[in-house]
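Take a look at the structure below.
The values are calculated or read from the model by the stated rules, or taken from the named source; none is laboratory data. Since the structure is predicted, the reported quantities are computational estimates derived from the model, not experimental observations. All Cβ positions, glycine included, derive from the backbone under ideal geometry; neighbour counts span all protein chains shown.
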Ligand SMILES: [Zn+2]
């Protein structure tokens, strides 16, 4: 009896405190009623920005970025926020331009570079599929997922925001995996058996990671360790067979550097509040990702040309 009454008290006190309530419908409700202390004022030509203390819990990832947050927005205004200066502007545009870059490069490769290689018909089909999937498909898609997340993370529904975040993670890891499918193909160019073993396991990993990442618990704090473990094992697995190719090693160096920035939140950690709009670690991570994919793109052409100029010594496996 006593317990229930005290519980009632807690329940009763609960909704009046606006600090950690938000489950989607409730959030919307609060906004409609003006229940938040800071009413999101949407002026005609702008979108209101918030400080770190004012944003809902699920947006609080980086306390060193103290201001410039968008929050509580419906989808339409999320899209509109593409054209205002917030702390996500650089993140959005860097990968939006990255998308355009890789899409154009992919189309260019498909239509102009590929026909110049004197490949056999079988090779040609494999390369076309590979190129199409990874250059017109994976990299641009990876960039687009990221753009989507940074655009819609400020959505007023936490569930929507989380979904975009999951897509962003899936996009990046599939992009990284995508880097080494063609790498593996050429590393084991003269060894059919190992090439197939490796490609099958990599494809299995791609699928496993994709499904793990759209799992609802994947982004919870408890799974944080598992997340980093998956990321590192994916990267490590690719390193094993390709480590002796300097160009691919260079790619992994960029990836490692990008991850260090991502995890350590380095520049803004030492200048809290000063790198809110430009120069934060996430922006460096974005730039390095674009650089890494570009590096990969250049390298794959280089390795492809190398393989064609030096056929396998003893294995006439393609007739
Ligand atoms: Zn990002």
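Remarks
- Screening 40, 18 for residues that are part of a loop (DSSP other than H, G, I, E, B), surrounded by fewer than 17 Cβ atoms within 10 Å (Cβ to Cβ) and either at pLDDT below 60 or touching a helix residue (DSSP H, G or I) at 6+ places or on another chain (Cβ under 9 Å) (or both) leaves exactly one candidate, 18.
- Residue in segment 64-77 that is assigned to a helix (DSSP H, G or I) and within 16 Å of the ligand (Cβ to nearest atom) present: no
- Among residues of segment 87-96, those that are out of contact with any helix residue (DSSP H, G or I) (no Cβ under 6 Å at 6 or more places or on another chain) and in contact (Cβ under 8 Å) with a residue 40 or more places away in the chain, counted: 2
- Among residues of segment 261-285, those that are more than 15 Å from the ligand (Cβ to nearest atom) and part of a helix (DSSP H, G or I), counted: 5
- Count of residues meeting criterion [within 11 Å of residue 289 (Cβ to Cβ) and within 15 Å of the chain's Cα centre (by Cα)] in segment 252-268: 5
Here is a yes/no grid of residues against (1) loosely packed, with under 14 Cβ neighbours inside 10 Å; (2) modelled with pLDDT of 65 or more; (3) within 16 Å of the ligand (Cβ to nearest atom):
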position: 97; (1), (2), (3): yes, yes, yes
position: 103; (1), (2), (3): no, yes, no
position: 115; (1), (2), (3): yes, yes, no
position: 119; (1), (2), (3): no, no, no
position: 123; (1), (2), (3): no, no, no
position: 129; (1), (2), (3): yes, no, no
position: 145; (1), (2), (3): no, yes, yes
position: 155; (1), (2), (3): no, yes, yes
